[in-house]
Structures are given as structure tokens and as C-alpha cells.
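Notes follow once the structure below has been shown.
The values are calculated or read from the model by the stated rules, or taken from the named source; none is laboratory data. All values reported here derive from a predicted model rather than from experimental measurement. Neighbour counts run over all protein chains shown; Cβ positions are idealised from the backbone, glycine included. To get the accessible areas, we keep the full protein, side chains included, count just its heavy atoms, and leave off ligands, DNA and RNA. Shrake-Rupley method; radii C 1.70, N 1.55, O 1.52, S 1.80 Å.
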Amino acid sequence: MCIRDRYMGTIRMTPNEHYLKELSPPPEAFHLLLEPTDYKLGDGKSGIRRIFEGEVQYDGFEEKMLADFRTFAKNKKVELDEYWTKAPTLRFLQATHFKFEKTLETIVEHTAWRKKALPPQMTPRVEAFLSAGIIYIQGRDNNARPLIIFNASKLTNEYLNVEVMMESLTFLFDTVIQTMMVPGKVENWVFLMDLRGLGITSLPLTPMKRLMSFLSTNFRSRLHTMYIVNTPSSIFIPWNVAKSLLEENTVKKINFFKTGVAEPLFTLADRGQVEIRHGGTFPDRKTFWYIYTFNRKP
């Protein structure tokens, strides 16, 4: 039995509310024995790094890009604040395929966003949005990566206020990063988008594009894989437009399925971590939010 098989046997969680309410990583997550491909796939500009923090060692190409980018930013008279250590800088470089001009532009935008949006606040309208079942944390895969569900059919007119949606998404994903990750071990999430019951005329296309653009802009290199299930055939026309707003690395991680079950998900996660409606054995959720306060790390 390989190391991964042994780990999957110990981390495998039963359909139990305990694991979903306790967002802190399970003890096994701190002792994950990762394969080289869990850290990075490929080399050079086409490489996709998944783990950036902890005691990870960057390769020669990455170190050179980091040094060259610092020089580029300095020549452009842009001073990067203390947040921009190697890890977040490399996340942004990778997301833009190491295009320095684009990276600097997005870093400036992200810095402004961080000052405005963080730390996120739990307000009544954010709580209402997160309690509606539009987007929620379901469980973890066998590498302890959080599994996040987006139920597009619940994004009704009542919840289409852009400001509220962005505040709510910021609270959710910042909570995931601050409480569910293990630097150097668990740094990504798996995302499942459900289009159940929606056709081309009822798809909330504008909010969905905002969601995907928001995530790829402000939470770069955090997506491990995205599964889009119950996909109507008509989705591919607007998708060809929407994907132009996303970075190439993000587009490569998105997979479509006509049914409600993304079978490849179960090469990553135990069925006990996935709801019945998506092919798992965990009872379909009736409540979706249970965090009201949390201590944000500095």
C-alpha cells in the first residue's frame, strides 16, 4: 500500500456534521506526505505550482522571475508593501504567465482591494447571503483541500446585489484561507458549481462571470480544480465569452459535466464528503452557514 493510500484511509471522513462544523484542518493534514506533482506540475512558464508556502523550495526559474520582477517593479517606481513576500508574488506571477506588466497591474489592484475589503465583516446581509445555500463549504478531499459548492439556481434576484455578493464571497474565502489551510500542505480548494434546473435564459450569467473573475483576481492560484455539473448544452456559447475574462491557467482547471455527478471528483474525495445530490453519501444539506465570528490571523 502506497503512502497516499494509507493517508486516504486515515483522513477519510464519515458523513458527520462534526467535520463540517470544525473547520480547523484535521491532524492528518499537518503530516501529509505529498508527491512532487502535488507541489508543482511542469516547468518554466507552463508550470503550475500548487504549494507556495511553508518550507517549499522554489526552482531556479521561479527564483529568477521573482528577482527580475522586483527589479521591474522598482524601475516602474512601484513600492510593494510587506504583504508581497515571495509566495503571494509568485502566485500572481504564475497566474499571468509571468507577464510582468500584467502582474504589476493586478498587484496594484489587489493591494487596493485588500485595504478596502479585509478583514471582512459578518453583517446581517452577509449572513443572509451565506445562509441561503448559494455558496457553502461542504467538506474536504483526501488531501484535506476544502470542497466548496456554488448552487447557481439559488442566486435569485433577492441576492443579486453586487456589493453584498462581493462582501459575502470575501468573508467566505478569507475564512477558508485563514482557518482551513495548512501552509506548505493544504493551500488550494476544490470548487463544484451546480447549474441544476437552469437553461440559457435562466442562467445568472453576469453574477457567475463576476464570481469567477473575482476569484481568479483576488484569490490567485488557490483553485485546484473546478467541476461544473448539470451543464446545459447552451452554456458553451456564453462560456466562450466568459473564459476570455479568466487567466489561461484557470481555464485549464475547469471541467464540465452534463449530469449532476462529476465522477473525477471521487478520485480526489471520499463519497462521504460529498452530498447525495452530487453522487456522494453525505445527506443533502439543509443549513449552509454556521460561522458567526472567527479570529482572523494577522
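Cross-link partners among lysines for LYS76, C-alpha distance below 21 Å, same-chain residues fewer than 8 apart left out?
LYS64, LYS86, LYS99, LYS102
Mind giving me the FRET efficiency for PHE30 and TYR58? R0 is 30 Å, r the Cβ-Cβ distance, nearest 0.05 is fine.
Numbers: r = 22 Å, r/R0 = 0.73.
Efficiency, from the Cβ-Cβ distance: 0.85.
Hey, how much of the P(r) for the stretch 118-172 falls beyond 17 Å, as a percent of Cα pairs?
Numbers: 557 of 1485 pairs.
Cα-Cα pairs in the stretch 118-172 separated by more than 17 Å: 38 percent.
Send over a whole-number figure in Å² for the accessible area per residue of the stretch 95-159, probe 1.4 Å.
Details: 2630 Å² over 65 residues.
With the other protein chains kept in place, the stretch 95-159 gives 40 Å² per residue.
Per q in 0.17, 0.19, 0.20, 0.22 1/Å, what log10 I(q)/I(0) does a Debye calculation on the alpha-carbon atoms of the stretch 51-120 return?
Log-scaled intensity ratios, in q order: -0.62, -0.77, -0.85, -1.00.
Which value results for Rg/Rh of the stretch 135-217 when Rg is the Cα radius of gyration and Rh the Kirkwood radius based on the inverse mean 1/r? Show your work: numbers first, answer last.
On the way: Rg = 13.7 Å, Rh = 13.8 Å.
Value, to two decimals: 0.99.
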